[in-house]
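S.K.: Questions regarding the structure given below will be posed in turn.
We did not get these values from a lab; they are worked out from the coordinates using the rules stated. Just so it is clear, the model here is predicted, and its values are computed rather than measured.
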């Protein structure tokens, strides 16, 4: 069954090709169900591969499918080969599973769009690229997927490219990602220089055979460079700025970017390279710090945003921060676990918010919502489940994974990590419920015009919501403490440094066995406090928030403007670059020097060509004369040329 | 004695070939060509290649040249018009280059005697077996493939002749 | 000597040649015997294609290894088999693109197909010939067929002129080649390449001026066939005058055959005299690339432009010849295959877009093609990119291998000149793309008659160009095996 793995890639590719080439001529239904079917089949095959992998003994769960030899140049050999192991299987299940639901949802959501086939073509390509990224068995192929994901995000964020904000956002996403990709590419080059190979198995076995001492400079450089790539894709400080803008794309695309594809790439990559990262304590500290700071930072921005999708976007950045925190303290399993649960509830939240926007004919400002609960009951219920899950209330998915991360941060890391993380969790619960309350509860602030069209979304949109709500509910049980199925499954890849060991150490050590349970209680309490505050401010005393905003005007303004990071970047990087580009590079170097010399050379060569053309007289004796001249030249060279 | 004969015949060959190029009357030109062919045949005989000499006479001097003459006479070609020289500036360099090429070839050829393949086919051996028989043997053993492919070559040439000459296909 | 010794010959080794000549004659017979009513003569194209496919099936060493038959004068090794494949591919593609073209030009005669098949025989003999005699006979069979094919449009003066020019200059160059062969035979007493090599080895290299001149003259003769400067002057006139399908054919097949013989003679026979000939080829390579590319820029007729581009490509291939290492040889094989796809593909599109009597073959006639016929324009763009050497196309990989071969052998200067030249070439290749996409159409494209066969040819070329560009390793591996047999 494992041999089928290539099919997982093939189906979305076929979907892309057919929709790309013939989509215009196909009927809308055909296009949509073709794209859906492709991902659905992909999911089925992924599941079969998963079953196949389960049948192997845990230590042998590594399968490589060689597709073809790809690039060979001297000592550099790269094959196009796929790798199936527990980590990649978890990823493909999430990608195809959540991806399928998003595709299904898109059929309804995009139904009136005139770029229907283009949309599904890109969407399939997006899933294909992401699958390529997680299935590749070497860094180069992974990089191809990495780049392709960036390209697809560009295409999809800028899907409504007639809108300037959309095409600007697309450009921003692409450029910011390029910065990260540059680091990633440098990291790959350094890996090749160091290990003379870019195959995962070879590189990691070289690492594990201990040729590199802990904290060696090369490994630190490699891991830092790779991490720069991860900050770009996974929207961490300082390269996170593209993600909030990325909501300019259609909402299902946001769901795809935030949940199943794209942003999880960085976390996956670091988990994949855990052997390397463990060798560099410095990088680990950097990763954990960036993670926790991002988590807190983004959560604080999320407190005051008024655009429903923007709040969710900052919450994604914040949640990704948790995942990096987990990776940074060495709890890779916890990171991947949170990645998975986050995929469920974040996809759910985005799709539900899409449903809200759909119902309100495109309104995204939560100040113009409120009291929607009775009008769109299914959306409300599912949104509620997603909110509870992200806030971290047991037994919903987000609780287990977030709790896991916070515990690991405390045990493996230090108290600062934990306290910052816990505070971010408080903020998360607060702003998510603020969102929920402002959208669905309280008085209705919807204008009349939108009110007339207010309606619950069609079946093919609510169905994915219900499915994702189910997953958000049960998703946590894969990694429930005690019988941690996910951790055992991932152990061959992510090593024995899973949390069971930690818990063992905890119970044996000075912390005592009660610590995990205490932590659970604390986590729950924190979440409840957040919810309570939100309830107080937005349901009980609706005026309170305004007063607070007045009171702390400066902070409020700072948060509302997202700490002015975009403006700072503009001032420091973008404007000077633009200035240098136009004033110096373009006007002087490009126009004067490069264009001048290129045009000059082209003109010169053209002139020479026209002159030489006259040698072509058309007379045989003339041509024969050339032959004789050449003949003399050659004989002289051959005989007397020594 | 043979050496003198060689030089005389060689001189005739070259002279008639040069005349052939400069002759403006096509009939005379054809006759010079016959003379060149026959002189070559004599050279072959001097090299003890009687069979090749005979073939040379029969094929070139006999068949091909007679055909040439027929065509020339039937078409009633006049003395060629003086075509205007379209490349006046090429004349002097061309002559110089021709002389240069000739000189170089002379220098190179003079530097060494060519011996060819001697080991097996000595004069005595060739006379013992017989010139024609030996060639036949070689053609059907050692050089069978080129010999057979030559048939395709001739076939192609025949197709070409028909293609280019036939009025309507 | 009364007994005729039984020589070593293996009839299976020349089976492809026999098949092709048999099918050539069948084509002629069917043409004669079938009624004139049949008119369409589709059958002839199919018969020829069947012959080519059969020949390709049987083009292999009977024993699966290197085999020398006919008294060591005919080599069936991976090298000749690879070239046989290129020849058969180019012949097959030529027939596919000819079918509608010769109907349109009203030169739809059976001889056309027969001559193409016969010239393929000549090419195969050139690639497989292990002695100078076979190579020479092969060259003549090939050349004479193509002289005739060049003049196949008998009613067109330009076609006649091209044929005559090609024939006269070809005969002139053949004279040099033959003189060279006789001098080599005179000095070494051998026409077999291996024997020549062992003779040179026994003398410890070449110092004999006669032998050197012989070698030089052989280089001239073959240099003419592969269209290297200064023996190139015939190329533009002949390419322009010949029927377009034949232009496609002779820019690929005979060039490949010429290089096949070139490599085999220079490396097998004169391998130990590398220092003596590399400087000649070095200069030829530079002259050829530069002249081809520079003059191509000034062309307005697409056939002439492709003619100069074909000269330039010969220059790149000469770089591989100079480096004369395994990588250069396998690079030549690879490049030739890539060139077959992209060049015949480009000519196929020229055929599709032109009209009877070679109308619309000016580069400006392609303006606006990108809007009217996007797929054709896309294919043309692909071929142009490939010729310019833009990744991920076959042309890029081919150039990459050739230039690396030069660097590996220490000819860094030559590789640099090659790269500069391919940069120059980008100008005129991309100009076609620019004209296709960025200019308003100046003519009507409306009724293009596109036969399925020519579509197949374009499709094969596109797939080949892309496949070799994206997955070169498999083919390269085969090409590398081919070179092992050479030395």
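S.K.: Which three lengths, in whole Å and largest first, does the protein assembly as shown cover when its Cα atoms are put on their principal axes?
M.R.: Rounded to whole Å, the extents work out to 133, 65, 62 Å.
S.K.: Right, next: List the extent of the Cα atoms of the range C:198-315 along each of their three principal axes, largest first, rounded to whole Å.
M.R.: The Cα atoms of the range C:198-315 stretch 53, 24, 18 Å along their principal axes.
S.K.: Give the relative contact order (percent, whole number) for chain C; include only Cα pairs under 8 Å separated by 6+ residues.
M.R.: On the way: 832 pairs, mean separation 76.3, N = 487.
Over chain C, the number comes to 16 percent.
S.K.: Still on this structure, I have one more. For the range A:205-325, what log10 I(q)/I(0) values come out of the Debye formula at q = 0.18 1/Å, with one point per alpha carbon and no solvent?
M.R.: Log10 of I(q)/I(0), two decimals: -0.86.
S.K.: Okay, next question. Share of Cα-Cα pairs in the range A:586-640 beyond 14 Å, in percent? Provide the component values of the computation, followed by the final result.
M.R.: Values: 1058 of 1485 pairs.
Looking at the range A:586-640, the distances longer than 14 Å represent 71 percent of pairs.
S.K.: Specify the angular offset, from 0 to 90 degrees and rounded to the nearest 10, of the alpha carbon long axis of helix C:157-188 from the longest principal axis of the alpha carbons in chain C.
M.R.: On a 0 to 90 degree scale, this one is about 10.
S.K.: Moving on. At 0.692 mPa s and 37 °C, plugging the Kirkwood radius over alpha-carbon pairs of chain C into Stokes-Einstein gives what diffusion coefficient in µm²/s?
M.R.: 146 µm²/s
S.K.: First obtain the Kirkwood hydrodynamic radius of the range A:297-345 from its Cα pairs, then insert it into the Stokes-Einstein equation at 20 °C and 1.002 mPa s, and state the resulting D in µm² per second as a whole number.
M.R.: 191 µm²/s
S.K.: Helix A:139-157 against the longest principal axis of chain A: what's the angle in degrees, Cα atoms only, rounded to the nearest 10?
M.R.: 70 degrees
S.K.: So what's the range A:391-450 giving for Rg/Rh, alpha carbon basis, Kirkwood Rh from the mean inverse pair distance? Can you show the working numbers first?
M.R.: Numbers: Rg = 16.4 Å, Rh = 13.4 Å.
My calculation puts Rg/Rh at 1.22.
S.K.: If the viscosity is 1.306 mPa s and the temperature 10 °C, what translational diffusion coefficient in µm²/s does Stokes-Einstein give for the range B:127-169 when Rh comes from Kirkwood over Cα pairs? Intermediate results must be reported in sequence, preceding the final value.
M.R.: Values: Rh = 12.5 Å.
Using the Kirkwood radius from Cα pairs, D works out to 127 µm²/s.
S.K.: Then there's this: Quick one: Debye curve from the alpha-carbon atoms of the range A:280-552 only, equal weights, vacuum; give me log10 I(q)/I(0) at q = 0.07 Å⁻¹ to two decimals.
M.R.: Scattering profile of the range A:280-552, log10 relative to I(0): -0.26.
S.K.: Among B:97, B:73, B:37, which one shows the biggest mean-square fluctuation in a GNM of chain B, springs joining Cα atoms closer than 10 Å?
M.R.: Result for chain B, Cα springs under 10 Å: B:97 fluctuates most.
S.K.: Using only alpha carbon pairs under 8 Å that are at least six residues apart, calculate the relative contact order of chain A and give it in whole percent. Spell out each step's value before the answer.
M.R.: On the way: 1014 pairs, mean separation 75.5, N = 642.
So the answer I get is 12 percent.
S.K.: Return, for the Cα atoms of the range A:255-306, the radius of gyration and Dmax in Å, separated by a comma.
M.R.: Radius of gyration, then largest Cα-Cα span, for the range A:255-306: 13.8, 43 Å.
S.K.: For chain C, what is the mean residue ellipticity at 222 nm derived from helices alone (per DSSP H run of n ≥ 4: -39500 (n - 2.57); sum divided by total residues; nearest 500 deg cm²/dmol)?
M.R.: Numbers: 19 runs with 354 residues, N = 487.
That calculation yields -25000 deg cm²/dmol at 222 nm.
S.K.: Can you tell me the equivalent ellipsoid semi-axes for chain A? Use √(5λ) from the Cα gyration tensor, largest first, whole Å. Walk me through the numbers on the way to the answer.
M.R.: On the way: eigenvalues 451, 204, 134 Å².
Values for chain A, descending: 47, 32, 26 Å.
S.K.: Hey, another quick one. Rounded to the nearest 10 degrees, what's the angle between the helix C:244-263 long axis and the longest principal axis of chain C, both from Cα atoms, 0 to 90?
M.R.: Approximately 20 degrees, to the nearest ten.
S.K.: Further question: State, as an integer percentage, the relative contact order of the range C:251-367 based on alpha-carbon contacts under 8 Å between residues 6 or more apart. If you can, show how the numbers build up before the last one.
M.R.: Details: 89 pairs, mean separation 33.9, N = 117.
Value for the range C:251-367: 29 percent.
S.K.: For chain B, count all C-alpha to C-alpha pairs, find those more than 29 Å apart, and express that count as a whole percent of the total. Each step should come with its number before you reach the end.
M.R.: Working: 6259 of 14196 pairs.
The share of Cα pairs beyond 29 Å in chain B comes to 44 percent.
S.K.: What residue among B:154, B:47, B:31 shows peak mean-square fluctuation when chain B is described by a Gaussian network model with Cα springs under 10 Å?
M.R.: B:154
S.K.: A further question on this structure: Give, to the nearest whole percent, the P(r) tail of the range C:133-267 beyond 18 angstrom, counting all Cα pairs. Walk me through the numbers on the way to the answer.
M.R.: Working: 4899 of 9045 pairs.
The calculated P(r) of the range C:133-267 puts 54 percent of pairs beyond 18 Å.
S.K.: Per DSSP helix of 4 or more residues, -39500 (n - 2.57); summed, then divided by the residues of chain A. What does that give at 222 nm, rounded to the nearest 500? Let's see the in-between values first.
M.R.: Working: 29 runs with 440 residues, N = 642.
Value at 222 nm, helices only, nearest 500: -22500 deg cm²/dmol.
S.K.: Next question, about the same structure. So which residue, out of B:17, B:94, B:30, gets the largest mean-square fluctuation from a GNM of chain B using Cα contacts under 10 Å as springs?
M.R.: B:94
S.K.: Another one. In Å and whole numbers, how far do the C-alpha atoms of the range C:179-256 stretch along each principal axis, longest first?
M.R.: Here the Cα extents, ordered largest to smallest, are 49, 21, 17 Å.
S.K.: Okay, moving on. If one puts a single equal scatterer on every Cα of the range A:1-142 and applies the Debye formula without solvent, what log₁₀ I(q)/I(0) results at q = 0.20, 0.22 Å⁻¹?
M.R.: -1.08, -1.21
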